[in-house]
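In what follows, a single structure is set out as structure tokens and then discussed.
The values are calculated or read from the model by the stated rules, or taken from the named source; none is laboratory data. Note that the coordinates shown come from a computational prediction; the quantities given were computed from them, not determined experimentally. FYI the Cβ positions are ideal-geometry reconstructions off the backbone, even for glycines, and counts take in every protein chain you see. Surface accessibility is based on the protein's heavy atoms, side chains included, excluding ligands, DNA and RNA. Shrake-Rupley method; radii C 1.70, N 1.55, O 1.52, S 1.80 Å.
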Amino acid sequence: MYVYLVYVGDDDYWRLLPAHLNRSAPDNGRIKALAFPPLGIQTLAPVLRQRGHQVRMFDTCHPGMKAQHIAEAAKLEKPGVIGLSSLSTTTYPTVKSLAARLKAELPGIRIILGGPFATTCADRILRDCRDIDCVGLGEGEELLPDYLANINAPGDVAGLVWRRGDEIIRNSPRPLIEDLDKYPYPDRESLPIDYIESLPLDMPAPMSLDKFCTMQTSRGCPHECVCCDIPLLSDRKWRCRSAEHVLGEMQQLHDMGYRAITLTDDQFLINRKRITAICDGIVQRKLALRWGCQGRVDSAAVDQFSAMKKAGCDMIAFGVESGVQKTLDRLHKRQTLEQVEHAVREAKRHGIRRIHGFFIIGCPDESPRDIRASFRFAARLQIDTFGFNRLCVYRGTPLWKEYVERGILDDDRDWHKWFKCSDIDPTVLPGAEVNRLRTKGYAMLFAQRILKRPIRTCRLLRSFSRGMGLGGLVGFLCTPFRRRKSSRKPELPAAMIEQGLDAPIRA
Ligand code: B12
């Protein structure tokens, strides 16, 4: 069967590489984008081809791959099925309008949706959007070929949620894939897009112009932080590909000219033996790769940093979240400030070039004093880059469940929305206050970095400027102090709208 796989991305996370930085001649319609590649559809395409299907991929952030372009192509090429893939709640409105456009132009086309967000809201999506025929829950490597093989008998496809007339049917669940080694390596060449290594922020900043891609070597995380959907998506299990299978892919990437890889594993720092085997393999094979990963500070593999450094690891991102133990406990992070300091210190001691700290502010029961303490904690840590995001709540997370139980959210009316907690939770400081404290915090941190670590800070900024140019660098450094124009707006719960409230009633 001929299948379209369409990644519906978040335009905030996507930029064309500025022309003045685009040193290579335009080559046959390929464009350069500061964005993360759509690893989901890149993973599924070769699996479908291996099962005898033809596949064409689209990334909707590409200026030539918008709804009208995909509809026109589909009218010409008549695919049997269009698979839509999206990551988060923030892209649901785009998914809906794309499905409507495709159905309007091709009434008979079958549309199946998949990805993390769809997995947390399948029934609701099918009730809300008649243009989507069914949703594939969780991993697609087995489900999608099974669906294509049983397209006229959807009831036989485990893990599928589908519509029969007005009835929504949820088939029996499909178990998590045990052997992740049995699938071909993702297709990173078919999309006419060269993805440029950039900081994973909603203001993508180029890190280098090396040939870049993402890779996933394991899935899941056994922890249960309140703001995270991964426990639900992975059933709190951690599964991994073997070191040999991972090295085979890294060898292929190396031979194809890739030099920068970001591992999108939820938690890479588990299973020390596997990490040692991967690192030793990279060294033995002389793979000149720079790679980055993310993990927890309390991971056993903290003692693997020297091997990782030797094997080309030049970035580790830690979910630090807060500099106040009370807040870490409120987020069910199950980590201590001492563990944060130890992990960061060890990573730096072993020469990992860039340590990134993810922080969350605007948390329940957090005071202005706590937020200031988080920035001071960040100032003390040996981290190189940092991001302070306001806590958001997405369906499927423990925090969403808590807000429904507290009557802040109504699951039936708010399921398709996402919220900044400061906009809806009376135990959280108001948004304006959080933003004010954040701007002050960033100013203190920047000043502290320049005054206390001038050489390291200059080296880091110089490496940024290679990818961004001076103008880009200044723009990037000003971001925290500028009001951000985001295409996506957090919403308010139905209950607050009904009461005409634009902020929660605080004690
Ligand atoms: C890497 C990542 C990012 C990156 C890169 C995104 C990209 N283009 O890949 C960046 C940093 C840009 C990012 C940004 C954001 N992210 Co993010 N991200 C992730 C992360 C850690 C890994 C995604 C990944 O690479 N997966 C690997 C690929 C292989 O898996 P996959 O895409 O899910 O595809 C598989 C299945 O889902 C399925 N499948 C996928 N598509 C389809 C289609 C069909 C038809 C079928 C049948 C199956 C199917 O099969 C695939 C193979 O098994 C996930 C966590 C996670 N484990 O999902 C969070 C996650 C998806 N992100 C999340 C969020 C909230 C965001 C942001 C909104 C954060 C913010 N505040 O701005 C933005 C939104 C960006 C957007 N595009 O929507 C949440 C989503 C929660 C929700 N309910 O919405 C997650 C789950 C993290 C969490 N902690 O909860 N993110």
key: segment 302-434 shape via C-alpha gyration tensor axes, a/c threshold 1.5   = prolate
Of 182/237; 78/103; 96/333, those spanning more than 24 Å from alpha-carbon to alpha-carbon = 96/333
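Distances over 44 Å make up what percent of all Cα-Cα pairs in the chain?
I get 12 percent for the Cα pairs in the chain exceeding 44 Å.
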request  = Take the alpha carbon gyration tensor of segment 196-481, find the square roots of its eigenvalues, order them as a ≥ b ≥ c, and report rounded if a/c is under 1.5; if not, report prolate when a/b exceeds b/c, else oblate.
outcome  = oblate
remark   = Out of 145, 180, 252 - ranked by how far each Cα lies towards the positive end of the dipole of the chain, with unit charges on the beta-carbon of charged residues - the top one is 252
remark   = Quick shape summary for segment 2-170, equivalent ellipsoid via Cα gyration tensor, semi-axes whole Å in descending order, reads 28, 17, 15
ask   = If you take the charge dipole of segment 283-431 about its Cα centre, with +1 on Lys and Arg Cβ and -1 on Asp and Glu Cβ, which of 305, 356, 283 is farthest toward its positive end?
value = 283
request  = Extending each Cα 7 Å along its Cβ direction at residue 283 and residue 69, get the distance between those two points in nm, one decimal.
outcome  = 4.5 nm
message = I need the shape label for segment 380-427. Rule: rounded when a/c is under 1.5, else prolate if a/b > b/c, else oblate, with a, b, c from the alpha carbon gyration tensor.
response = prolate
ask   = What order do 163, 174 take when sorted by accessible area (1.4 Å probe), most exposed first?
value = 174, 163
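For residue 306 and residue 367, what is the calculated FRET efficiency with R₀ set at 60 Å and r taken between the beta-carbons, to the nearest 0.05?
Numbers: r = 39 Å, r/R0 = 0.66.
After rounding, the FRET efficiency stands at 0.95.
Pop the C-beta distance of residue 150 and residue 460 into the FRET formula with R0 = 60 Å and round what comes out to the nearest 0.05.
For residue 150 and residue 460, the calculated efficiency is 0.70.
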query = Given the protein chains as shown and a 1.4 Å probe, how many square angstrom of residue 341 are accessible, to the nearest 10?
reply = 60 Å²
ask   = Spin-label point model (7 Å from Cα, Cβ direction): what's the residue 506 to residue 491 distance in nm?
value = 2.5 nm
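Tally up the carbon and sulfur contribution to the accessible surface of segment 196-481 as a whole percent, 1.4 Å probe, everything protein left in place. Each step should come with its number before you reach the end.
On the way: 6400 of 11240 Å².
Whole-percent figure for carbon plus sulfur exposure: 57.
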ask   = How far apart, in nm, are the 7 Å Cα→Cβ label points at residue 406 and residue 242?
value = 4.8 nm
request  = Go ahead and estimate [θ] at 222 nm for the chain from helices alone: -39,500 (n - 2.57) per DSSP H run with n ≥ 4, summed, over the residue count, rounded to 500.
outcome  = -11500 deg cm²/dmol
